[in-house]
């Protein structure tokens, strides 16, 4: 569940609600982290059980804060008494760097040096890496409320993200506690990046103010520019959809 596995496992120990009680029951503490891009956040697991989650912006006061901060780290270490035994990073930095190079963004090896990035907060621990879209899919599947029939139910999980390594759109099957990817669409054909580009085209801040576009769309006419958008911005005859024109 911590992101590095595709198998659903339940912890046999109940996590207490208070810090004092929780500290007595702690197993291996894992910090699952996404950062150094936008909306940095940490999810904390005791064994396979999620016990805490938060975003960097809630501690720094900076909207869409892409970086971790000392206030967040110290809150976890001191107030919550959740010092990590290992880190799971929700992205493969080498694949991300390869995609950035392929896209003409240069060699960003320093940006993708995760041990060096985490050393700013004296985090020197074993790091596991997991695919970004798998992390999204796992969050949606494993945190959904379970019932007696859940293990026999076939679930469809759709991940539409701007980009993760090379993937932009994936579909997963959840069954019996396991996740299996059944569809993948790769960069540059990303509906998420297109959404951010349209946000910028409207004079708003991409990767931050997409929610405003969503709010305005609710009051608009979805058919007014539909044909123009499909004809001018999406390629026809491409074997996968959505296919963006370049």
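The values are calculated or read from the model by the stated rules, or taken from the named source; none is laboratory data. For clarity, every value in this text was computed on a predicted model and none was experimentally measured. Note: ideal-geometry Cβ built from the backbone for every residue, glycine included; neighbour counts use all protein chains shown.
Numbers below:
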quantity	calculated
Filtered residues of the range 85-105 (kept if over 20 Å from the mean Cα position of the chain (by Cα) and either part of a strand (DSSP E or B) or at pLDDT 95 or above (or both))	85
Pair list, Cβ < 6 Å and 6+ apart or interchain, from the range 96-110 residues that are without any contact (Cβ under 8 Å) to a residue 12 or more places away in the chain and in the same structural domain as residue 130 (by TED's automatic domain parsing) to residues that are crowded, with 17+ Cβ neighbours inside 10 Å and in a loop (DSSP other than H, G, I, E, B)	none
Hits in the range 44-62 - residues which are crowded, with 17+ Cβ neighbours inside 10 Å, over 24 Å from residue 110 (Cβ atoms), in contact with a helix residue (DSSP H, G or I) (Cβ under 9 Å, 6 or more places away or on another chain) and free of Cβ contacts under 8 Å to residues at least 40 places away in the same chain	46, 51, 52, 59
Residue within the range 69-78 that is surrounded by fewer than 17 Cβ atoms within 10 Å (Cβ to Cβ), in a loop (DSSP other than H, G, I, E, B) and either in contact (Cβ under 8 Å) with a residue 60 or more places away in the chain or not assigned by TED's automatic domain parsing to the domain that holds residue 207 (or both) present	no
